[in-house]
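**Q** The structure under discussion is supplied below as structure tokens; questions concerning it will follow.
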Amino acid sequence: MLGHQQTVSRVAEVSGVGLHTGVAVRLRLAPAPAGRGIVFRRLDLDGFEIEARARHVARVSYATSLMKKGVLISTTEHLLSALMACGVDNVYVELDNLEVPILDGSALPFVQLIRAAGIRPQRARRLYVRVVKPVEIVDGQKRIAVYPSDRLRIRYRIAFAHPAIGEQECDFVAETGRYEAEIAPARTFGFYEEVEKLRQGGLVRGGSLANVVVLNHDGVMNAEGLRFPNEFCRHKVLDLIGDLVMLGYPLIGHVVAERAGHALHYALVSRLLRDRSAWSRVTAPAAAAGVSAPAADESPPARAAAAP
Ligand SMILES: [Zn+2]
């Protein structure tokens, strides 16, 4: 059933705390009909629904939050990343509070939750946004661009003046199994000096070494260390995949990101949605599932393209 929309087979749930609010929350995935998309439901507000679409994106500084008629769903990106990567097109995400639980700070617990719920193909065809011409956004040293490609590919580069990070690069091609092994386990991260500042601003109240990789001037404070040497860059890829969900359909294109973050990810989504000449809506490209032979990739090397 390649190229068909999918939902979850049955209800599955998980509990945790919100990274920013620190409040306890229960999250439940439930099957949704074809064409419905990913829809959040606030069970504490009579099941009020907020679709995971660009028009509801509210705040993108430290997390991607959705808002509709004043009702908020916070920190959606790790769950959305897992849903996108697992090929779940239609699902109800039911929450009894305003923030998606942070769990271990990665997307792996969400992949496991989706696995527990099972995945069921639906009759309707899946639609994709296939990029047909380059789109680039430059903001000082930050940059994000997308080029035509035969599948979703992401090349991400970050640079932090910190000994545990430095310059890191990550090249991800959406193929079966790679996300779960290479991207999903990468945890969110933050700098110790910023934590107090963020707390005063009402953020990271649920943050701890159990769900955030914390860096001080010496290095990584978490006793267990890192899951990958370039875990930071991998987490950026994880976030980007989640933010791309706001396009409404899976993206087929080669994204190149440098020193980017939620704000720039979302700027790319907004630009694509505005520039209808940059993409076409297509059904069922075998390549998108990673099953065809690689075709010529039209994107230039990241460094060569970096000059504004
Ligand atoms: Zn993240």
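**Q** Can you tell me which residue in the stretch 237-259 is nearest to the ligand (Cβ to nearest atom), limited to those that are open to solvent by 10 Å² or more (accessible area, probe 1.4 Å) and assigned to a loop (DSSP other than H, G, I, E, B)?
**A** ARG259
**Q** Have a look at ALA116, ALA12, ALA54 and point out the one that is surrounded by fewer than 19 Cβ atoms within 10 Å (Cβ to Cβ), within 28 Å of ALA263 (Cβ to Cβ) and in contact (Cβ under 8 Å) with a residue 12 or more places away in the chain.
**A** Being surrounded by fewer than 19 Cβ atoms within 10 Å (Cβ to Cβ), within 28 Å of ALA263 (Cβ to Cβ) and in contact (Cβ under 8 Å) with a residue 12 or more places away in the chain holds for just one of ALA116, ALA12, ALA54, which is ALA54.
**Q** Filter the stretch 166-196 down to the residues that are in contact with a helix residue (DSSP H, G or I) (Cβ under 8 Å, 6 or more places away or on another chain) and assigned to a strand (DSSP E or B), then identify the one that is farthest from the ligand (Cβ to nearest atom).
**A** Per the stated criteria, the residue is GLU169.
**Q** Under 8 Å by Cβ, and 6 or more places apart or on different chains, what pairs join a residue from the stretch 174-195 that is surrounded by 16 or more Cβ atoms within 10 Å (Cβ to Cβ) with one that is hydroxyl-bearing (Ser, Thr, Tyr)?
**A** So the pair list comes out as ILE183/SER81; ALA184/SER81; ALA184/SER106; PRO185/SER106; ALA186/SER106; ARG187/SER106; THR188/SER106.
**Q** Something else about it: So is ARG234 among the charged types (D, E, K, R), within 20 Å of the chain's Cα centre (by Cα) and in a loop (DSSP other than H, G, I, E, B) or not?
**A** Spelling it out, it is not the case that ARG234 is among the charged types (D, E, K, R), within 20 Å of the chain's Cα centre (by Cα) and in a loop (DSSP other than H, G, I, E, B).
**Q** Continuing with this model, one more query. Go through the stretch 14-55 and give me each residue that's touching a helix residue (DSSP H, G or I) at 6+ places or on another chain (Cβ under 7 Å) and under 28 Å from LEU198 (Cβ atoms).
**A** Across the stretch 14-55, the qualifying residues are VAL14, ILE38, ILE50, ALA52, ARG53, ALA54.
The values are calculated or read from the model by the stated rules, or taken from the named source; none is laboratory data. Nothing here was measured: the structure is a model prediction, and the numbers come from that model. Cβ: placed from backbone, ideal geometry, glycine included. Neighbour counts: every protein chain shown. Quick note on the areas: whole protein, heavy atoms, side chains included, nothing else; ligands and nucleic acids left out. Shrake-Rupley method; radii C 1.70, N 1.55, O 1.52, S 1.80 Å.
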